[in-house]
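Here the structure is laid out as structure tokens; the discussion comes afterwards.
Read-outs throughout are calculated quantities, based only on the coordinates presented, and are distinct from any laboratory measurement. These figures come from a predicted structure and were not determined experimentally. Here the Cβ positions follow ideal geometry from the backbone for every residue, glycine too, while neighbour counts run over all protein chains shown.
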Amino acid sequence: MRDPVRTINRLAWRNSRLSEGARAIPEETALALTYNGGTYAVMMGTPQNLEDFAIGFSLSEGVVQSPEEISSIEIVDLDDGIELRMWLAEDKAGRLSERRRHIAGPTGCGLCGIDSIAEAVRPAAIVARGRSFDPRELMTAMAAMPPLQPINVETRAVHAAAFWTPADGIVALREDVGRHNALDKLAGALAQARTPASEGIVLLTSRVSVEMVQKTVAIGAGVMIAVSAPTALAVKMAEAAGITLVAVARADGFEVFTHPDRIVSAAVAQGTVNVA
């Protein structure tokens, strides 16, 4: 399989001087997801943890309801990219053919190929109540991420999605040049490990858009926290789905946008943010 990091030569202009040197940069590869021989989507992503990506993408897209519905996965390295070949039972394949769409997805794509407004803003399911967390636990969780991001430590150019629990800390972390891909990879890893999502927090190094909320709902986590701000539609979706959306997480604190009752601090849980 391809190395997720490549070292290339470059020229650097620093302090009014030109110098030669090398830099580590992340690989970006076309990833084709196929089911029973038919292409469903082509995304650009990092060639690492691809079985997790295949399973997580299948779950978040609603192609399958559990990893067991995928009979087999074959990862095939081609000249121009990598094909993730999945085989489903005949009844699942028939259902898929009725809703198949072809997606050509750039790195930043999360809802590429959607052919109707209604599908893009489809109502999310409502997540289970799950457990509550102390604000200090959220700070601890976010602080634990950077050392566990080897590709980003080397390149400073990829996103990460992780899952943290009070009992075990970060139980899974996945990286990718695409933030949606990183979250799909995390979803696949959690599903295969049968990790109870209601017991922990989804952590993101990116902004929160509506599709990131939808993917978190598919995982089943009740709390998500990100370093950047959410969009207005993401806040509205999180409110409707019963998710506690925490964002703008910094070393000195964070902001809670929806369902603050899961954050057990009187200073935080004084109200909700409503988006019309």
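Tell me the label-point distance for the pair ALA128, SER66, using the 7 Å Cα-to-Cβ offset, in nm and rounded to one decimal.
For ALA128 paired with SER66, the spin-label model returns 1.4 nm.
Grab the Cα-Cα distance for ARG136 and ARG17, subtract it from 0.36 nm times how many residues apart they are, and report the gain in nm with one decimal.
Values: separation 119, 0.36 × 119 = 42.84 nm, distance 4.55 nm.
Result: 38.3 nm gained on full extension.
What percent of all Cα-Cα pairs in segment 153-226 falls into each 10 Å bin, going from 0 up to the bin containing the maximum distance?
21, 59, 19, 1
Highest mean first, what order results for 244-255, 4-15 on Cβ atoms within 10 Å? All intermediate terms of the calculation are to be shown ahead of the outcome.
Working: 244-255: 17.5, 4-15: 11.1.
In descending order of packing, they fall as 244-255, 4-15.
Length gain on complete extension for the stretch ALA144 to LEU233, per 0.36 nm per residue less the alpha carbon to alpha carbon distance? All intermediate terms of the calculation are to be shown ahead of the outcome.
Numbers: separation 89, 0.36 × 89 = 32.04 nm, distance 2.86 nm.
Contour length minus the Cα-Cα distance gives 29.2 nm.
So between LEU78 and THR39, what do we pick up on full extension, going 0.36 nm a residue minus the alpha carbon distance? Write down the numbers at each step before the final one.
Details: separation 39, 0.36 × 39 = 14.04 nm, distance 1.46 nm.
Contour length minus Cα-Cα distance gives 12.6 nm.
If packing is taken as the average number of other Cβ atoms within 10 Å across a peptide's residues, how do 145-153, 73-81, 48-56 rank, most packed first?
Working: 145-153: 15.4, 73-81: 11.6, 48-56: 24.3.
Result, highest mean Cβ count within 10 Å first: 48-56, 145-153, 73-81.
In terms of the Cα gyration tensor, with a ≥ b ≥ c the square roots of its eigenvalues, is segment 125-166 rounded because a/c is under 1.5, prolate because a/b exceeds b/c, or oblate? All intermediate terms of the calculation are to be shown ahead of the outcome.
On the way: a/c = 3.81, a/b = 1.84, b/c = 2.08.
Oblate shape, in that a/c is at least 1.5 and b/c is the bigger or equal ratio.
Along each principal axis of its Cα atoms, how long is segment 219-266 end to end? Whole angstroms, biggest number first, please.
28, 23, 20
Any idea what % of Cα-Cα pairs in segment 135-262 are farther than 17 Å?
Values: 4165 of 8128 pairs.
I get 51 percent for the Cα pairs in segment 135-262 exceeding 17 Å.
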